[in-house]
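The values are calculated or read from the model by the stated rules, or taken from the named source; none is laboratory data. Values in this document were obtained by computation on a predicted structure and should not be read as measured data. Using ideal geometry, Cβ is built from the backbone for each residue, glycine included, and neighbour counts are taken over all protein chains shown. Heads up: the accessible areas ignore ligands, DNA and RNA and are worked out on the full protein's heavy atoms, side chains in. Shrake-Rupley method; radii C 1.70, N 1.55, O 1.52, S 1.80 Å.
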Amino acid sequence: MTDAKLTHFAEDMNPPRERPWFVSVLIHIALVAASIVMLYPLLWMLSGSIKDQNEIFGTASLIPSHFDFSSYARGWFGGQVTFGTFVWNSVVIAVLSVIGNVISCSLAAYAFARLEFWGKNFWFALMLGTLMLPYHVTLIPQYILFLKLGWVKTMLPLVVPKFLAVDAFFIFLMVQFFRGIPRELDEAAMMDGCSPWRIYWRIMLPLSLPVLATAAIFSFIWTWDDFFGPLIYLSDINTYTVQLGLRSFVDSTGSSDWSSLFAMSSLSLIPVFLIFLFFQRLLIDGIATAGLKR
């Protein structure tokens, strides 16, 4: 009798025992309690956006004594510029960053995964080494460079580097995915007269939609949530992003408009939530299959 048959016979003789019902109930109760603990800060923020200014820190209850939605109008129109200006600036920077990262990182990953050139392993190791460098280490040289180029106080330092394959994490992720695509497809295409560029455009990209979507989603979220980069390079309020716009609601003298801050913070979560909601399947597929053979 083969090993497979012996294993199947043993499973028939000793079927797995079902979990007692009370254990399942306890597990679900624990998961619900943990979910409530994790979601409470978000729910508290949403509740604070419709509370009176004096009631926000006066009670831990999520239910306001009376509903006040004026904070949304006050937060959107109450500043020197409308909050829509901040949203538009963030959308422009995030979309351009997504386009730049997907194009440049996929090209670099295709070169590392499929092409042969001098020093390939050395350059790949050097690229991976950049993952170990904190952003703050390269901040001063980058700032000096952008200052000499005259890009400071503009969006260019936040966008242009994305078109130069500066995110090593996305390159590594795509390299792992490209290596899982059979090389026989490349060889067949080369026999039909396809150049490396056409192989990249016609074969690699269509087969790599999950990992490209993963890179696009992470790039959008990280760019949308970035506070430090815009803080360094942007000084004109008309070019502020959402994160800098939210900071403007907090006053160091103590007269902060917290309800408006919570209202605009709640609105700023909508784009990220929608991106994840509609593209979560591609995100999971891209992460799950990036390191597997296909």
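Quick notes on this one:
- The length gained on full extension between TYR40 and PHE227, counted as 0.36 nm times the residue separation minus their Cα-Cα distance, comes to 64.9 nm.
- Per residue, the Cα convex hull of the stretch 63-167 amounts to 189 Å³.
- The protection proxy used here, the mean number of other Cβ atoms lying within 10 Å of each residue, ranks peptides 70-80, 23-33 as follows, highest first: 70-80, 23-33.
- Proximal charge balance of ASP257 [Cβ under 13 Å; K/R count +1, D/E count -1]: 0
- Remark: accessible surface ordering of LEU43, LEU147 (largest first) is LEU147, LEU43, probe radius 1.4 Å.
- 3J(HN,Hα) couplings calculated from phi for the stretch 143-155 with the Karplus curve 6.51 cos²θ - 1.76 cosθ + 1.60 (θ = phi - 60°) are, in sequence order, 5, 4, 4, 5, 5, 5, 7, x, 9, 5, 6, 10, 7 Hz; Gly and Pro show x.
- Area accessible to solvent at PHE273, 1.4 Å probe radius, in Å²: 130 Å²
- Other residues within the sphere of radius under 12 Å centred on the Cβ of GLN243, judged by their own Cβ, net out at -1 (K and R +1, D and E -1).
- Rolling a 1.4 Å probe across all protein chains gives LEU126 an accessible area of roughly 90 Å².
- Test item: Cα-centred dipole of the chain, Lys/Arg +1 and Asp/Glu -1 on Cβ, debye: 560 debye
- Using C-alpha pairs below 8 Å separated by at least 6 residues, the relative contact order for the stretch 181-285 is 32 percent.
- Nearest-0.05 FRET efficiency for ALA73 and ASP236, computed from C-beta distance (R0 35 Å): 0.90
- Across the chain the C-alpha pair distances fall into 5 Å bins from zero in the proportions 1, 5, 8, 10, 12, 11, 11, 10, 9, 8, 6, 4, 3, 2, 1, 0, 0 percent.
- Here the extension length gained between ARG247 and TYR135 equals 38.2 nm, from 0.36 nm per residue of separation less the Cα-Cα distance.
- Farthest positive-ward along the chain dipole, Cα basis, beta-carbon charges - from PHE57, PHE77, GLY229: GLY229
- Neighbour net charge for MET204 - beta-carbon separation under 9 angstrom, K R +1, D E -1: +1
- Packing-based ranking, highest mean first, of 188-198, 101-111 given that Cβ atoms within 10 Å are counted: 101-111, 188-198
- Normalised by the number of residues in the chain, the average gap of Cα pairs under 8 Å and 6 or more apart makes the relative contact order 29 percent.
- Of THR223, THR59, the residue with the largest accessible area leads and the full order is THR59, THR223 (1.4 Å probe).
- Dipole moment magnitude, nearest 20 debye, the stretch 47-203 about Cα centre, only Lys, Arg, Asp, Glu C-beta charged: 360 debye
- Table column - 3J(HN,Hα) (Hz), the stretch 207-215, Karplus curve with 6.51, -1.76, 1.60, x for Gly and Pro: 7, 10, 4, x, 6, 5, 5, 4, 4
- The mean sequence separation of alpha-carbon pairs under 8 Å and at least six residues apart, normalised by the residue count of the stretch 21-75, gives a relative contact order of 30 percent.
- Under the Karplus curve 6.51 cos²θ - 1.76 cosθ + 1.60, θ = phi - 60°, whole-Hz ³J(HN,Hα) for the stretch 77-83, x wherever Gly or Pro sits: 10, x, x, 5, 10, 5, 5
- For the chain, calculated [θ]222 nm from helices alone, where every DSSP H run of n ≥ 4 adds -39500 (n - 2.57): -21000 deg cm²/dmol
- Sequence of TRP151, TRP224, TRP88 when ordered by accessible area, the most exposed leading, probe 1.4 angstrom: TRP88, TRP151, TRP224
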